[in-house]
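Here the structure comes first, spelled out in structure tokens, and everything after it is commentary.
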Amino acid sequence: MTTTATAPTPTRRRPRLDRLDLVSLGILAAGLLSWGTGALPTAEAVANLTRVAPLVLFLGTVMVMVAIVQASQLFDIAAVALARLGRGSHAALFACCFALAAATSMLLNLDTTVVLLTPVMLALAAATRAPALALAMTTVWLANTASLLLPVSNLTNLLAADRIGLGPVPFAARMWAPQLAVLAVTALCLWWCFWRRRHRERERYVVPGALPAVADRRLLATSAAVCAGFVAAVVADVPIQVVSTAAAGLLLVHCLRRRRDLLSWELIPWRLITLTAGLFLVVPALMRHGGAEAVSALIGAGTGDAAVFRAGLTGAGLSNLVNNLPAYTAVESVVPTGREDVLLGLLIGTNAGPLILPWASMATLLWFDLVAGRRSDPAAPRLDVRLGRFIATGALLATTATLAGLAVLVWV
């Protein structure tokens, strides 16, 4: 009778609250206070929480899925395969990672890019000694900036496509040129800020030899099948919260039967859930009490190219303040019917712009949780992200990419 090797039971760490934890709790408290004091009527609060419930379900279940897949070593194997393509050249590795992240964001969606590729990039850095921050930033930046092409690429795209009545092909016909412009700016900023020679210790990275030894082949096989099913279901346009719930459920059943050492309360991403719920209470309350008038003043009542630029820049700014999804819905609510160009400009701002603050998009929040190592496995790769550098470089890309996308939108 054969036995399956299992990893040693990890030592549980005492959870600590960091700055983002406190921000999440504070925003949720502000939202509940708005509801409790009547600043946000109960009917509207319930409607907003009902609207955000599928997103919260997705966030909670997809992080459980990723944590278990991480323990299966699937991401480590994928990282070795990707590293071999570059053959030691940082430029070639950059091209491979850029193309992969851009393709998954455009053809699947930005959250899938973050969930599936961030652990691969962290494992890749560990296996090759390539710059970990450069690899990780490639994922989070492209998850946002490469999500303009198709309605499925971003939830904001679906909202915009539904509002202006564009199917996938007409939508792509309007957005392909802005998408190319934004990608070009993203490539330049990534290389200059993170990938060029001064940001790395080695002229060439270490090309891995043999694939890593697998401790639990059944868990690896189960995880590979679940990830393949996850991608297939997303491509088939199954609601993403249904896909993530089914994937997490299958992996949890496997762990209950064979790997209970992987299960803990740390699997639950409470920070993401509290922040998301809080934002969908705080932002509607603000819109009821002067916010709508302020947003209307920001985008103005003008027409032409100037109106497109104002909508895009307003969307980018608000996304970094309150998250891109409530920012999009807030600005969309004051855009007059028939202004398709203004809505597409807003879309560029809310997709390419939310790169400065950690809560600017749900994809960025997911990324922060993944790189911070908030999982039950203390040996999993993690990265210390300096918030100051993240904000400064994100501001550079958000500004230049949004302006480039808007310029091409009004020019083509």
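How do the pairs read when you match residues in region 195-224 that are over 15 Å from residue 75 (Cα atoms) and loosely packed, with under 15 Cβ neighbours inside 10 Å with residues anywhere that are of a type in the set (Lys, Arg) and modelled with pLDDT of 75 or more, using Cβ under 6 Å and keeping only pairs 6 or more apart or on different chains?
From residues that are over 15 Å from residue 75 (Cα atoms) and loosely packed, with under 15 Cβ neighbours inside 10 Å, the pairs are 206/129.
Between a first residue in region 226-242 that is free of Cβ contacts under 8 Å to residues at least 24 places away in the same chain and a second residue that is charged (D, E, K, R), which pairs have beta carbons less than 7 Å apart while being 6 or more apart in sequence or on different chains?
Every condition considered, no pair remains.
Name the pairs whose Cβ atoms lie under 8 Å apart, with the first residue in region 335-347 and touching a residue at least 24 places away in the same chain (Cβ under 8 Å), the second of a type in the set (Ser, Thr, Tyr) and assigned to a helix (DSSP H, G or I), and 6 or more positions between them or separate chains?
From residues that are touching a residue at least 24 places away in the same chain (Cβ under 8 Å), the pairs are 346/314; 346/328; 347/156; 347/328.
For residues in region 261-287 being of a type in the set (Val, Ile, Thr) and in contact with a Gly (Cβ under 7 Å, 6 or more places away or on another chain), which is nearest to residue 241 (Cα to Cα)?
Checked region 261-287; the qualifying residue nearest to residue 241 (Cα to Cα) is 273.
Residue 236 - would you say it is modelled with pLDDT of 90 or more and not basic (Lys, Arg)?
So residue 236 does not fit the description; no.
Can you pull out the residues in region 282-294 that are among the small types (Gly, Ala, Ser), at pLDDT below 85 and on the phi < 0 side of the Ramachandran plot?
Across region 282-294, the qualifying residues are 291, 292, 294.
From 272, 279, which residue is of a type in the set (A, V, I, L, M), under 18 Å from residue 53 (Cβ atoms) and at pLDDT 80 or above?
279
Only residues in region 146-172 that are of a type in the set (Phe, Trp, Tyr) count as the first member; pair them with residues that are in a loop (DSSP other than H, G, I, E, B), Cβ under 7 angstrom, at least 6 apart or cross-chain, and list the lot.
Going by the 7 Å Cβ cut-off, the qualifying pairs are 171/150.
Filtering region 143-187 down to residues that are assigned to a loop (DSSP other than H, G, I, E, B) and polar (S, T, N, Q), which residue is modelled with the lowest pLDDT?
Residue satisfying both the conditions and the ranking: 154.
Starting from region 311-323, keep only residues that are under 18 Å from residue 344 (Cα atoms) and among the β-branched types (Val, Ile, Thr), then list their pairs with residues that are modelled with pLDDT of 90 or more and assigned to a helix (DSSP H, G or I) whose Cβ atoms are within a distance under 9 Å, requiring at least 6 positions of separation or different chains.
Cβ pairs passing all conditions: 314/346; 314/349.
Just to be sure, is residue 264 touching a residue at least 60 places away in the same chain (Cβ under 8 Å), loosely packed, with under 15 Cβ neighbours inside 10 Å and within 24 Å of residue 368 (Cα to Cα)?
Here the answer is yes, as residue 264 does meet what is asked.
In this structure, does residue 397 turn out to be modelled with pLDDT of 85 or more and buried (at least 23 other Cβ atoms within 10 Å of the Cβ)?
Yes: the conditions hold for residue 397.
Taking only region 165-185 into account, find how many residues are touching a Leu at 6+ places or on another chain (Cβ under 6 Å) and more than 26 Å from residue 400 (Cβ to Cβ).
Residues that pass the stated criteria total 1.
Scan 49, 100, 110, 93 and give me the residue that is at pLDDT 80 or above, farther than 20 Å from residue 254 by Cα and in contact with a Gly (Cβ under 7 Å, 6 or more places away or on another chain).
Going through 49, 100, 110, 93 in turn, the sole match is 93.
Could you grab me the full set of residues in region 118-146 that are of a type in the set (Ser, Thr, Tyr) and under 15 Å from the mean Cα position of the chain (by Cα)?
Hits for region 118-146 are 118, 138, 139, 145.
What number of residues within region 321-342 are part of a helix (DSSP H, G or I), among the polar types (S, T, N, Q) and surrounded by fewer than 24 Cβ atoms within 10 Å (Cβ to Cβ)?
So the count comes out to 1.
Please list, ordered by residue number, the helices (runs of 4 or more DSSP H) wholly in region 210-306 having 1 or more residues that are within 19 Å of the chain's Cα centre (by Cα) and over 16 Å from residue 64 (Cβ atoms).
It comes to 217-235, 270-286.
Out of all the residues in region 122-142, is one or more at pLDDT 85 or above, out of contact with any Cys (no Cβ under 8 Å at 6 or more places or on another chain) and among the aromatic types (Phe, Trp, Tyr)?
Checked region 122-142: no residue is at pLDDT 85 or above, out of contact with any Cys (no Cβ under 8 Å at 6 or more places or on another chain) and among the aromatic types (Phe, Trp, Tyr).
So which of 100, 55, 82, 122 ends up being free of Cβ contacts under 8 Å to residues at least 40 places away in the same chain and part of a helix (DSSP H, G or I)?
100
Just one of 126, 130 is on the phi < 0 side of the Ramachandran plot and surrounded by fewer than 21 Cβ atoms within 10 Å (Cβ to Cβ); which is it?
It is 126.
The values are calculated or read from the model by the stated rules, or taken from the named source; none is laboratory data. Keep in mind that this is a model prediction, so the values were computed, not measured. For neighbour counting, all protein chains shown are included, and Cβ atoms are generated from backbone atoms with ideal geometry for every residue, glycine included.
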